[in-house]
1. Can you pull out the helices (runs of 4 or more DSSP H) entirely within the stretch A:383-501 that have at least 1 residues that are under 29 Å from the mean Cα position of the chain (by Cα)?
2. Determine the pairs where a residue that is under 23 Å from A:Leu208 (Cα atoms), located within the stretch A:225-242, has a partner that is exposed (fewer than 10 other Cβ atoms within 10 Å of the Cβ) with Cβ atoms under 7 Å apart, the partner being 6 or more residues away or on another chain.
3. Output the residue which, of all residues in the stretch B:71-101 that are in contact with a Pro (Cβ under 8 Å, 6 or more places away or on another chain) and small (Gly, Ala, Ser), is nearest to B:Phe37 (Cα to Cα).
4. Take A:Phe57 and tell me if it is in a helix (DSSP H, G or I) and within 30 Å of A:Leu208 (Cα to Cα).
5. Restricting attention to the stretch A:450-458, does a residue exist that is of a type in the set (A, V, I, L, M, F, W, C) and under 18 Å from A:Gly354 (Cα atoms)?
6. Give just the number: which of (1) buried (at least 19 other Cβ atoms within 10 Å of the Cβ); (2) more than 14 Å from chain B (Cβ to nearest Cβ) does A:Ser398 not satisfy?
7. Answer yes or no as to whether A:Asn288 is farther than 17 Å from A:Gly188 by Cα, touching a His at 6+ places or on another chain (Cβ under 6 Å) and not small (Gly, Ala, Ser).
8. Does any residue of the stretch A:73-90 turn out to be in a helix (DSSP H, G or I) and of a type in the set (Phe, Trp, Tyr)?
Amino acid sequence: MPNSSNFSEPQRQSLIGVVVLFANTIQKTIRAFWPLVLIWMVRIESMNKLVLFGGTFVVLVLLALFSYLQYYYFTFHIDEETEEFVIQKGVFNKTRITIQLHKIQQVNINQSLIQKLVNVHKLEIDTAGSDKKEASISAISHELALALKERLIALSKTSNETAVDEISEIEEKQTFIAINLISLLKIGITSNYVRSFALILLFFSTILENIQKVVGDEVLDENQVTNYLDSLPIITSIVLVFGIFFTLILTVNLVRTVIKYFNFTIQKSRNSISLHYGLLATKNILLNPNKVQKVTVSQNFFQKKLDVTSVKVYQASSGEQELKAKDQIEIPGCSVAERDKILALLYQNLPVKGKKFKPNWRKLAVNLFFFLLFPIAITFFLNWSFQWIEWDLWMIYSLIFIVFAGILVWFSFKNYRLFVSNTFIIKQNGAWDIDTSIIEPYKIQAIETHQFFWQKVTNIGSVSLSTAGGTISFTTANFDEIKQLVNYWLYQVEISEKNWM
Amino acid sequence: MQQQPFSNEPLSISDLPKFETVPLQPLQKKYFKVIAFNILVFTIFLFSGISIAYTMFIEEFTVMTGVVVVGFPLVVIVIILFFARLGFRKKGYAFRTHDAIYKSGIIVESTTIIPFNRVQHVALHQGFISRKLGLATIELFTAGGSTSDLQIPGLLLADAQKIKELIAKKINPAATENVVSIEEENKPQSEANDA
C-alpha cells in the first residue's frame, strides 16, 4: 500500500495479519479452555471421531471468521486536525482509542514468533502519564511500521523532547554488549531453581487434578507410584525423586532462559540504549539512563565461579502509581567486566562501596527464632499431639532442618550490609543469591524510619528509602547511625539541583 | 545528564539539621472526634450484625453465649478506642523549609520525611465529619509509589490550605494557584537535559 503512507486516511493492517489475529484468538481460546482440551486429548479413544473433528472444524472456521472481522474493523490513522492518533476496533463492541500526539513517548516495533512467520510486525505506542489505555497494532509490514513510527515521532517532536532522541536513535547504532549462548547456559543452570520448581509443581498439579477429575484414578494411580517407590531402598527412592525433579528444573530453566534471552544484545547510539533479545519472539526495549532509579546485581556461589551475574534495571514508572513490568529490565548472564561496563554506562562512573554498616546481632537472633526455633517448635507440638512420625525420625529431620536453616540464616545475616558513599547507596543481602542494589541519594523520593517500641532501649531501628523504581530498606541497625544517615541523605536530596528523572 | 562535580567541602554530618529533634505539632484535638465517629460506625455495623445473627439463631442463645457474643466485641472496641487515643497523642507533624515530617505509631513508631523538591502534587481531602468540624487532610504525592505518599490528617482547613499553597509554590514557583497544572508541567522538564 504505497499510497497509504501519509496515514491521514483510516487504513487496515496487512491482510496476511489475519493469520496473526487468528493465532491470537486460538491462543486465547485454548488458554481459556485448556483443561477441556486436555480432557478431550486423554479421552480421544472413546470419542466419536466425526463429532470431534467436525466440532473442531466448525470452531476453527468460526474463529477464522471472527479474526477476519477483527481485521476488517481494525483501522488506524493520524488525525492531523486534532493532532491525535486514532485506532478504531471491535467486532461487537466498538472501541475508539485516541492518543494525543504530543503525549507519545516511545514507539516500539516488536515481533513474535507468528509475526515472524508471516513477516509482519507489532507496533506499540507508549504514552506519558497515567493513561491506562494501550495502543498497539499487531500486524503491520516492516516498511509501513517504520514509516508510521517516523511520522508519529516527527509529529510529536514539536512538543516532546524525548522524541528527538528517537530520531537520532534510528541513525546509527553500535553493539555495546552481546551476551553469548554460553553465558545464557551458565545462568540457566544456576538460577531460578525455586521459581522453576514452583512452575513445575503448579503445572503437574493442575494436569493431575484435571485428569483425575475426568478419568478417575484409572490412568494415573498415585498408589502405584508410591508403591513403586516403597519397593526401592529409601536412599535410592530419595535420589530418584530428587534427581527427576532436579533434571526437570534444570531443563525448564535452560529452555526458558535460552528462549527468552537468546541473542541478547545491547546497542548504544548517541544518547539512548536499546536492548534486543528473544529466540521465538523478539523484544526490543529502549533504556533511558536518566530514567534508571535502581539497579540490582545478583550472583550466587556457582555463578561467581562461572563468572556470570544478572543485572536488573528498574526505571521510573511511566504510570502514576504501580511499577510496571516493562520498566524492569533484566540483563542475564553478563560477566563481571560486562556488568561494570553496563554500570559505567548507566552511572558515568562505577559505583563504589562506601562506609560499611552492619545490622545488630539481634537481627540474627530474631531470624533464628522465626526461621529455626519457631518451625521446630510447631512440628514438635504437632507431632506430640498427633504422633505422625517416630521421635527418632523427627530428631533426624529436625537436625537436617537446623543445619540447613542455620546456614541460610547465618549467611543472610553475614551478607546483610549497607554501604554509603557520597554518590551511592548500596545494599547487599541474600543467603544464596546475593543481591546488590544500587541507588543514588538524589533519586530518593521519601525516607521512612521505623522503630518498635521495645527497640528504643537497645537503640535499634530501620530505614526505608523509596525511589521511583523501588524501595531499599535496612533493618535492625544502630538507630543513631541511621538517623545521622537520614539527615545526610535529606541534605543531599534537598540541595540537589539534578533532575531525578 | 550533565555531571556536576559534587562539591563536597568538609561538612560535618553532625552539624546537619536533625530531623529527630524537630518539635512536632500535634494534630487538632477535634480530629479525635473523627476517629471516634469512625469507631462508632464500626461498632454500629458490628452490633447490627450480631443482632441479625441473634434473631436467626434465637433458640440456641443461652445467657452464656449472650455474654460472650456481646461482651467480647465490647472489650475489643474498648481496646481499639484505647489504642486510637494513644495513637492519636503519638501523631505529630512538622514542616521545615525543605521537607515535611510526619510521625505516628504506637507499636512501630515510624517517621516519614518527604523533601518538597520530590513532591509531585498536593491534595486536600475532607470527609463528612471533618467538613463539619472544619478539618482537612493533606496528602503529598511523590513518584515513589503509593507507599511513599504522605497523609497528614487533622489539620485546620485554613492551615491545610496555607500549607498546600506553600508547598505548591515550592514545587513550582511559576504556578501558585492552579495546583493541578503543576503536575503536568513538572513532567516535560524532567527529560529536558539529555544533552
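The values are calculated or read from the model by the stated rules, or taken from the named source; none is laboratory data. From a predicted model like this one, the values you see are computed outputs, not experimental measurements. Positions of Cβ are generated from backbone atoms using ideal geometry, with glycine treated the same way; all protein chains shown enter the neighbour counts.
1. Correct list: A:391-415.
2. Listed by first residue and then by second, the contacts come to nothing, as the list is empty.
3. Out of the qualifying residues, it is B:Gly92.
4. yes
5. no
6. Tallying (1) buried (at least 19 other Cβ atoms within 10 Å of the Cβ); (2) more than 14 Å from chain B (Cβ to nearest Cβ), A:Ser398 fails exactly one: (1).
7. Judged against the criteria, A:Asn288 is not a match.
8. yes
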